[in-house]
Ligand SMILES: Cc1cc2nc3c(=O)[nH]c(=O)nc-3n(C[C@H](O)[C@H](O)[C@H](O)COP(=O)(O)OP(=O)(O)OC[C@H]3O[C@@H](n4cnc5c(N)ncnc54)[C@H](O)[C@@H]3O)c2cc1C
Ligand code: FES
């Protein structure tokens, strides 16, 4: 069964099948409703149901606070129409940037630093991510977090992990050259440093989840803040860890920054550090009054949220960015 969907304030109308979520149906009609993962993990497709019946599918905990649910907000990439619907939803401008690859630097055996120079200034807030079109497949986009705050060079820095069979990452690792051009959509995301907050910070990063966390910590340093920051950084094997020297320099230079690296590989006897990211976090502090920043796979984020809630961290002091496969 098909229903008519009307978006406010744009006034755009389109038809959606009852088996299609709103983001997917809009995309099919060439309507770019703002979204990121398209799989219920990032919260960038939040909208409000103004009228009509719908069914909300499951999504990552804490994406909608109880006050947002009470106000009729919904996760549109998991919302299915059950009648004609009127929704408030953000439609993103079809603005794109061409950006040249200026450098590709290995950070670990499976992580590259990608540097891009956009043709014109690319506005973003520290911690946000860019949508990048897959070369040769203009209808496919991937999301990558900027690893540094915006600066006067205008260059964008990313940490990108190679995924076996991954369309974009395989191209980047095996075909991309400096001078190649990529197409970027506008920056997105709410994973940014909370202004006017002087709570101690707990940061938890897994794999390339380190990218936006590094940017957020760098911004806190640039702002001259000295509230304690404890970063827990986890990877599977020693060879997967990157930026260890840079992180060590931070903790030497700034006494308020503490870094703990962990490995999930329990069999690595040459590793003198901690094992297993979240149990190490749990064993190393009282986090109740902290402001928390989490970034990594959706599974890690869900487990971390459970842990933090059990430590009585307040919902609105938990910020996260889940590196979900792009829908
Ligand atoms: C908001 C956001 C920010 C992100 N930022 C970064 C970043 O800074 N650095 C980074 O390396 N990645 C980041 N990602 C993940 C990135 O967008 C891609 O999903 C990832 O690079 C895979 O793209 P691909 O084309 O290589 O693989 P695809 O062709 O999309 O997928 C290949 C296979 O791998 C699986 N897969 C896809 N993505 C993942 C994943 N993340 N984990 C495990 N399996 C996966 C797919 O299901 C598929 O089976 C981010 C994702 C989101 C939503
Ligand atoms: S796009 Fe809907 S939750 Fe990410």
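The values are calculated or read from the model by the stated rules, or taken from the named source; none is laboratory data. Every value quoted in this text rests on a predicted model; they were computed, and no experiment measured them. Note: ideal-geometry Cβ built from the backbone for every residue, glycine included; neighbour counts use all protein chains shown.
For region 237-258, what are the residues that are surrounded by 15 or more Cβ atoms within 10 Å (Cβ to Cβ), in contact (Cβ under 8 Å) with a residue 40 or more places away in the chain and within 16 Å of residue 273 (Cβ to Cβ)?
Scanning region 237-258 gives 240, 241, 242, 243.
On the given criteria, is residue 163 touching a residue at least 40 places away in the same chain (Cβ under 8 Å) and either crowded, with 20+ Cβ neighbours inside 10 Å or assigned to a loop (DSSP other than H, G, I, E, B) (or both)?
no
Among what's in region 130-160 and is over 18 Å from residue 295 (Cβ atoms) and in a loop (DSSP other than H, G, I, E, B), pick the residue that is farthest from ligand 2 (Cβ to nearest atom).
152
To keep it simple, each residue is scored yes or no on (1) exposed (fewer than 14 other Cβ atoms within 10 Å of the Cβ); (2) part of a loop (DSSP other than H, G, I, E, B); (3) within 24 Å of the chain's Cα centre (by Cα).
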residue: 230; (1), (2), (3): no, no, yes
residue: 260; (1), (2), (3): no, no, yes
residue: 266; (1), (2), (3): yes, yes, no
residue: 281; (1), (2), (3): no, no, yes
residue: 306; (1), (2), (3): yes, no, yes
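May I ask you to verify whether residue 231 is over 15 Å from residue 113 (Cβ atoms), away from ligand 1 (no atom under 16 Å from the Cβ), modelled with pLDDT under 95 and outside the structural domain of residue 37 (by TED's automatic domain parsing)?
When the stated conditions are applied, residue 231 does not pass them.
Does residue 113 meet the test of being closer than 18 Å to residue 206 by Cα and either outside the structural domain of residue 218 (by TED's automatic domain parsing) or surrounded by 16 or more Cβ atoms within 10 Å (Cβ to Cβ) (or both)?
On the way: closer than 18 Å to residue 206 by Cα: yes; either outside the structural domain of residue 218 (by TED's automatic domain parsing) or surrounded by 16 or more Cβ atoms within 10 Å (Cβ to Cβ) (or both): yes.
Answer is yes for this residue.
Of the residues that sit in region 286-300 and are part of a loop (DSSP other than H, G, I, E, B) and out of contact with any helix residue (DSSP H, G or I) (no Cβ under 8 Å at 6 or more places or on another chain), which one is farthest from ligand 2 (Cβ to nearest atom)?
Of all residues in region 286-300, those part of a loop (DSSP other than H, G, I, E, B) come to 286-290, 297.
Applying the additional criterion that residues be out of contact with any helix residue (DSSP H, G or I) (no Cβ under 8 Å at 6 or more places or on another chain) yields 286, 288-289.
Numbers: 286: 31, 288: 28, 289: 28 Å.
In this case the residue turns out to be 286.
What residue, of 59, 14, is surrounded by fewer than 23 Cβ atoms within 10 Å (Cβ to Cβ) and within 12 Å of ligand 2 (Cβ to nearest atom)?
59 is the lone residue from the list that is surrounded by fewer than 23 Cβ atoms within 10 Å (Cβ to Cβ) and within 12 Å of ligand 2 (Cβ to nearest atom).
Kindly indicate the residue of region 17-32 that is in a loop (DSSP other than H, G, I, E, B) and without any contact (Cβ under 8 Å) to a residue 40 or more places away in the chain and also surrounded by the fewest Cβ atoms within 10 Å (Cβ to Cβ) among those meeting that condition. Talk me through it step by step, then tell me what you get.
Keep residues of region 17-32 that are in a loop (DSSP other than H, G, I, E, B), which gives 18-21, 29-32.
Now drop any that are not without any contact (Cβ under 8 Å) to a residue 40 or more places away in the chain, which leaves 29-30.
Details: 29: 12, 30: 8.
Residue satisfying both the conditions and the ranking: 30.
Mind checking which residues of region 33-62 are assigned to a loop (DSSP other than H, G, I, E, B), touching a helix residue (DSSP H, G or I) at 6+ places or on another chain (Cβ under 9 Å) and either more than 16 Å from ligand 1 (Cβ to nearest atom) or farther than 25 Å from residue 145 by Cα (or both)?
57, 58, 61 - these are the residues of region 33-62 that are assigned to a loop (DSSP other than H, G, I, E, B), touching a helix residue (DSSP H, G or I) at 6+ places or on another chain (Cβ under 9 Å) and either more than 16 Å from ligand 1 (Cβ to nearest atom) or farther than 25 Å from residue 145 by Cα (or both).
Scan region 96-151 for residues that are within 22 Å of residue 164 (Cβ to Cβ) and over 21 Å from the mean Cα position of the chain (by Cα) and jot them down.
The initial filter retains those residues of region 96-151 that are within 22 Å of residue 164 (Cβ to Cβ), namely 104-114, 132-137, 140-145.
Listed by number, the residues that qualify are 104, 105, 106, 109, 135, 136, 137.
Filter region 314-327 down to the residues that are in a loop (DSSP other than H, G, I, E, B) and surrounded by 22 or more Cβ atoms within 10 Å (Cβ to Cβ) and list them by number. So that I can check it myself, show each step before the final result.
Quick first cut of region 314-327, residues in a loop (DSSP other than H, G, I, E, B) only: 314, 323-327.
Within region 314-327, just 323 meets the criteria.
So if I check each of 186, 176, 206, which one is within 16 Å of ligand 2 (Cβ to nearest atom), in contact (Cβ under 8 Å) with a residue 40 or more places away in the chain and surrounded by 15 or more Cβ atoms within 10 Å (Cβ to Cβ)?
The match here is 186.
Please verify whether residue 191 is within 15 Å of residue 326 (Cβ to Cβ) and either near ligand 1 (Cβ under 8 Å from one of its atoms) or touching a helix residue (DSSP H, G or I) at 6+ places or on another chain (Cβ under 7 Å) (or both), treating the condition exactly as stated.
no
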